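Only the coordinates and a few stated rules stand behind these numbers; no lab work does. In this text the structure is predicted, and so the values were computed from the model without any measurement. Here Cβ is always computed from backbone atoms with ideal geometry, including for glycine, and neighbour counts include all displayed protein chains.
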Amino acid sequence: MTRLAACRDCRRPVLWTTTEAGKRLAVDPEPNPTGNAAVWRDGTGAVRSRRPTAELPLNGWERLHLPHVATCPARAQQLALPAGVTSLAAHRRKRRPR
């Protein structure tokens, strides 16, 4: 049984995966044939993800999911920044709390 978390922006359920690069990626919990993240559970029970390519297509044990950032309604409602304005959100996420 997979334990789901809630998106902090829209409160919808998300499934947290670990990418091949060791980063965390939130995906929608239901498989979607239009998705671009191949998700599977490894031998230790961890939920993993990767981007399928022509050289490494989808395997039989993987299911396609959409990254949650692509479907999050809270993200879609955000307005575009004016020209010359830079978002600091990515920088703030990288900072560690003291």
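What to note about this one:
- Neighbours of Trp40 by Cβ distance under 9 Å: Lys/Arg scored +1, Asp/Glu scored -1, total +2.
- Charge context of Pro73, other residues only, Cβ under 14 angstrom, K/R +1, D/E -1: +2
- Computed over the chain, Cα set: Rg, Dmax in Å: 15.5, 48
- Length-normalised contact order for the chain - Cα pairs under 8 Å, 6+ apart - percent: 24
- Loop-located GluC sites (Glu not before Pro) across the stretch 1-82 with a Cβ neighbour count of 16 or fewer within 10 Å are Glu20, Glu55, with loop assigned by DSSP.
- Each label was represented as a point 7 Å from its Cα along the Cα-to-Cβ direction; for Asp9 and Leu56 these points are 2.7 nm apart.
- Per DSSP, loop chymotrypsin sites (Phe, Trp or Tyr not before Pro) in the stretch 11-86 with at most 13 further Cβ within 10 Å: Trp61
- With a cut-off of 11 Å between beta carbons, the residues surrounding Cys7 carry a summed charge of +2, where Lys and Arg count +1 and Asp and Glu -1.
- By DSSP, the beta bridges lying fully in the chain are antiparallel in about 90 percent of cases.
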